[in-house]
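The structure appears right after this line, and notes come after that.
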Amino acid sequence: MAKDIATAKYIENVRTFVDNNRTHTIICDLPPAKGGDDTGPTAIELAVMALADCTATIFAKVAKESNIEVKDIKVVAEAEKPEDSPILTGVKVKVNVSAKAREQLLKAVWRRTEANCPVVAIFKEPIPVEFEVETETVE
């Protein structure tokens with residue numbers, strides 16, 4: 001089975017380097033109001049960004065496979081989270097597409113996008129997560 005691997009390495013305070021085990025690295029941090037320095041997106045923001053990106057990417061891929069010439073795709077993912085909770089309570093995704101195709105065909109592309117976007121699946125259906133914690137006491 002293929003694996004996607006991400007590694008987060010603590011830098012300081014609430015800041016981490018996160019990499020995808022290939023060649024891409026991003027800094028994640030919290031805003032000052034949450035104790036960080038705002039040097040990068042939060043993990044939740046990164047997850048919502050991934051949802052917007054995957055939606056746009058898969059839509060473009062499905063449109064290309066359907067021989068549809070896309071001029072522009074803009075995806076805005078807006079997550080709702082109560083101030084006193086770290087948990088998202090909902091996400092609204094708005095997809096704006098300009099293409100040389102009938103609306104009915106573009107809606108069919110959207111249905112295929114929604115069915116095949118792996119990040120949409122993560123947000124829609126819970127998946128099992130297993131944790132293993134190793135500790136080391138230092139003096």
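Ranked by the mean number of other Cβ atoms within 10 Å per residue, highest first, peptides 46-53, 103-110 order as 46-53, 103-110. Relative to the longest principal axis of the C-alpha atoms of the chain, give the angle of the C-alpha long axis of helix 103-116, reported between 0 and 90° and rounded to the nearest 10°. Between the helix axis and the principal axis of the chain, the angle is about 30 degrees.
The relative contact order of the chain, computed from alpha carbon pairs under 8 Å that lie at least 6 residues apart in sequence, is 15 percent. By the rule of a C-alpha distance below 18 Å, with chain neighbours fewer than 8 residues away ignored, the aspartates and glutamates paired with K100 are E65, E69, D72. Applying 1/(1 + (r/R0)^6) with R0 = 41 Å to the Cβ-Cβ distance of E78 and E130 gives a FRET efficiency near 0.85.
Output the pairs from K9/K94; K3/K61; K3/K71; K34/K64; K61/K124 with a Cα-Cα distance over 31 Å in this structure; if there are none, say none. Over 31 Å Cα-Cα: K9/K94; K3/K71; K34/K64. Take each peptide in 31-37, 112-118, count the other Cβ atoms within 10 Å of every residue, and average; sorted highest first, the result is 112-118, 31-37. Length available on full extension from D4 to K94: 0.36 nm per residue minus the Cα-Cα distance, which gives 29.7 nm. Rounded to the nearest 10 degrees, the inclination of helix 43-65 to the longest alpha-carbon principal axis of the chain is 30 degrees. Across segment 1-40, the relative contact order, built from alpha-carbon pairs under 8 Å that are at least six residues apart, equals 29 percent. Considering only T7, N116, V62, and ranking their Cα positions along the charge dipole of the chain that arises from unit charges at the beta-carbon of Lys, Arg, Asp and Glu, the one farthest toward the positive end is V62.
Bear in mind these aren't lab numbers, they're just calculated from the coordinates by the rules spelled out. Nothing here was measured: the structure is a model prediction, and the numbers come from that model. A quick note on method: Cβ atoms are made from the backbone with ideal geometry, for glycine too, and the neighbour counts reach across all protein chains shown.
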